[in-house]
Amino acid sequence: MLGKFFYLEGAYLILAAIILLVTLFVTTRPFMSPSAPRKGLLWVGLVLAVFIGAHFWVTTSRIAEVKKAFEAGKPVLCESRMLRKMAQSIEIRKGPVGWKIEGDNFVSPQYTRPFHIARCIVK
């Protein structure tokens, strides 16, 4: 679960670290009060942790919903990162085309790249 968290939220964790560094820089300026760094880092860190945690919860809930819908035979829309100009998304269904789930990816022998389930929604 921790590996999945770092995989899904890694970019947001890096952005949060940059925001905390900016907060530290601003709150250590001479015109700020001596307690500003502690208060600033506490509140900004708390807000960032809540936002990142909420995003992870929403993403993992959607992954579970998409897996359940796929297994039930419902259509799933996934973002196509390969065909940006023509088709922004692709419809995936369980059936004769050969789509299956491997880990957190949809794979098919007809496509060279897998589709990560986090980038999919139930149609």
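Read the figures in this text as sums done on the coordinates, not as results from a lab. On a predicted model such as this, the values are computed, not experimentally measured, just so you know. Please note: Cβ atoms are built from the backbone with ideal geometry, for glycine as well, and neighbour counts cover all protein chains shown.
As a test of the definition: which semi-axes, in Å, follow for the chain when you take the square root of five times each eigenvalue of its alpha carbon gyration tensor? Largest first, please.
41, 15, 11
Cross-chain or 8 or more residues apart, Cα under 29 Å: how many lysine pairs in the chain fit that? Count them up, please.
Final tally of qualifying lysine pairs is 22.
Loop-only GluC sites (Glu not before Pro) in the range 43-123, please: DSSP not H, G, I, E or B, and at most 16 other Cβ atoms within 10 Å.
none
Compute a Gaussian network model of the chain, connecting alpha carbons closer than 10 Å, and tell me which residue from ILE52, ILE14, ILE101 fluctuates the most.
Taking springs between Cα atoms under 10 Å, the residue moving most is ILE14.
Could you tell me how many cubic angstrom of Cα convex hull volume the range 2-67 has per residue? Can you show the working numbers first?
Values: hull volume 4.6 nm³, N = 66.
That works out to 70 Å³ per residue.
With the chain treated as a Gaussian network of Cα nodes joined by springs under 10 Å, which of SER33, SER61, SER108 yields the largest mean-square fluctuation?
SER33
Restrict the search to the range 1-91; then list the chymotrypsin sites (Phe, Trp or Tyr not before Pro) that DSSP places in a loop and that have at most 13 other Cβ atoms within 10 Å of their Cβ. Walk me through the numbers before you get to the answer.
Values: sites: PHE5, PHE6, TYR7, TYR12, PHE25, PHE31, TRP43, PHE51, PHE56, TRP57, PHE70; in loops: PHE31.
Counting only loop positions with at most 13 other Cβ atoms within 10 Å, the chymotrypsin sites (Phe, Trp or Tyr not before Pro) in the range 1-91 are PHE31.
Dividing the Cα convex hull volume of the range 74-122 by residue count, how many Å³ per residue is that? Walk me through the numbers on the way to the answer.
Details: hull volume 3.6 nm³, N = 49.
Measuring per residue, one finds 74 Å³ for the Cα hull of the range 74-122.
Starting from the range 1-88, pick out the trypsin sites (Lys or Arg not before Pro) whose DSSP state is loop and whose Cβ has at most 13 other Cβ atoms within 10 Å.
For trypsin sites (Lys or Arg not before Pro) across the range 1-88 that sit outside H, G, I, E and B with at most 13 neighbouring Cβ atoms in 10 Å, the list reads ARG81, ARG84, LYS85.
May I ask for the distance between the Cα centers of the range 1-52 and the range 86-123, given as a whole number of Å?
Here the two parts' Cα centres lie 36 Å apart.
Based on DSSP H runs of at least 4 residues, each adding -39500 (n - 2.57), what is the mean residue ellipticity at 222 nm of the chain after dividing by all its residues, to the nearest 500 deg cm²/dmol?
So the helix-based figure for the chain works out to -18500 deg cm²/dmol.
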